[in-house]
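> A single structure is presented below for examination.
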Amino acid sequence: MTFDERLAAIRAGMTEHKLDVLVAIHDGSHFIETPNPVFVLSRFKSLGPAAIVLRHDGETCLIVTPPWDADRAQECCPNLRIIGADDVVDGLAIALGKEGASGALGLAGVPFTRWEIASRVTAALPQASTADDIVFDAAVAKTDDEIANAREA
């Protein structure tokens, strides 16, 4: 499986669940037991809390903290819109725009994110449905790059 095939599977899951926008959050804690939906959707391993907004049409925005990490994120993910922010939830509000997310919205990563971030995200997006299965079911099959990295390690 390639990364593009994974994204296609996630967008197919969005279609199946009638989602227009998928938001994923991660608190920046990197433990092998803790899933990272931002990495699954972007291949970017953040230094701090991060979020990603994937629209059904493929438009994707990555929010990273601290803000100075935006240059590294842009280098790693040249096809994504990058927002460097001091606060991931404030950056997410910028990414979604003044009107917020229009259409049906799915949210991934909440159960694995620190409460002080997860509670603010869920309060800001009360209409969101759970979308963890859409992201993590597609990540069960590892990409060729992930397999190669594991072999090298």
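> Obtain the nm distance between the two label points defined at His17 and Glu75 by a simple spin-label model: each point lies 7 Å from its Cα along the Cα-to-C-beta direction.
3.4
> Output the peptides 17-26, 128-137, 142-151 sorted from most to least packed, where packing is the average of other Cβ atoms within 10 Å over each peptide's residues. Could the numbers behind the result be given before it?
Numbers: 17-26: 23.1, 128-137: 17.8, 142-151: 11.9.
Result, highest mean first: 17-26, 128-137, 142-151.
> Another question, if that's okay. About its Cα centre, how strong a charge dipole does the range 1-132 have in debye, to the nearest 20, once Lys and Arg get +1 and Asp and Glu get -1 at the Cβ? Could the numbers behind the result be given before it?
Numbers: 11 positive and 17 negative charges, 26 e Å.
Using Cβ point charges on Lys, Arg, Asp and Glu, the range 1-132 gives about 120 debye.
> Related question: Taking Cα extents along the principal axes in Å straight from the coordinates, which label in (i) 43, 37, 28; (ii) 51, 47, 28; (iii) 72, 51, 26 is the correct one?
(i)
> Would you calculate the separation in nanometres between label points at Arg151 and Thr34, each defined as 7 Å from the Cα along the Cα-to-beta-carbon direction?
Result: 3.1 nm between the two label points.
> Find the relative contact order for the chain and round it to a whole percent, using C-alpha pairs within less than 8 Å whose residues are 6+ positions apart.
On the way: 251 pairs, mean separation 42.2, N = 153.
It rounds to 28 percent for the chain.
> Give me the percent of DSSP beta bridges within the chain that run antiparallel, rounded to the nearest 5.
Values: 11 of 21 bridges.
Counting only bridges with both partners in the chain, antiparallel ones make up about 50 percent.
> Let me ask another. Counting only protein heavy atoms, what percent of the accessible surface of the range 51-114 is carbon or sulfur at a 1.4 Å probe?
On the way: 1630 of 3120 Å².
Of all accessible area on the range 51-114, carbon and sulfur atoms account for 52 percent.
> So, for the chain, what is the accessible surface per residue at a probe of 1.4 Å, expressed in square angstrom? Intermediate values should be presented prior to the final figure.
Values: 8070 Å² over 153 residues.
Counting only protein heavy atoms, the per-residue value for the chain is 53 Å².
> Only Lys, Arg, Asp and Glu count, each charged at its Cβ (+1, +1, -1, -1), so figure out the dipole size of the range 39-79 about its Cα centre, rounded to 20 debye. Before the final figure, lay out each step's value.
Working: 4 positive and 5 negative charges, 31 e Å.
In debye, rounded to 20, the range 39-79 gives about 140.
The values are calculated or read from the model by the stated rules, or taken from the named source; none is laboratory data. Note that the structure is a prediction, hence the values are computed from the model and not measured. Note that each Cβ is placed from the backbone with ideal geometry, even for glycine, and that neighbours are counted across all protein chains shown. Just so you know, the surface numbers come from the protein's heavy atoms only, side chains and all, with ligands and any DNA or RNA stripped out. Shrake-Rupley method; radii C 1.70, N 1.55, O 1.52, S 1.80 Å.
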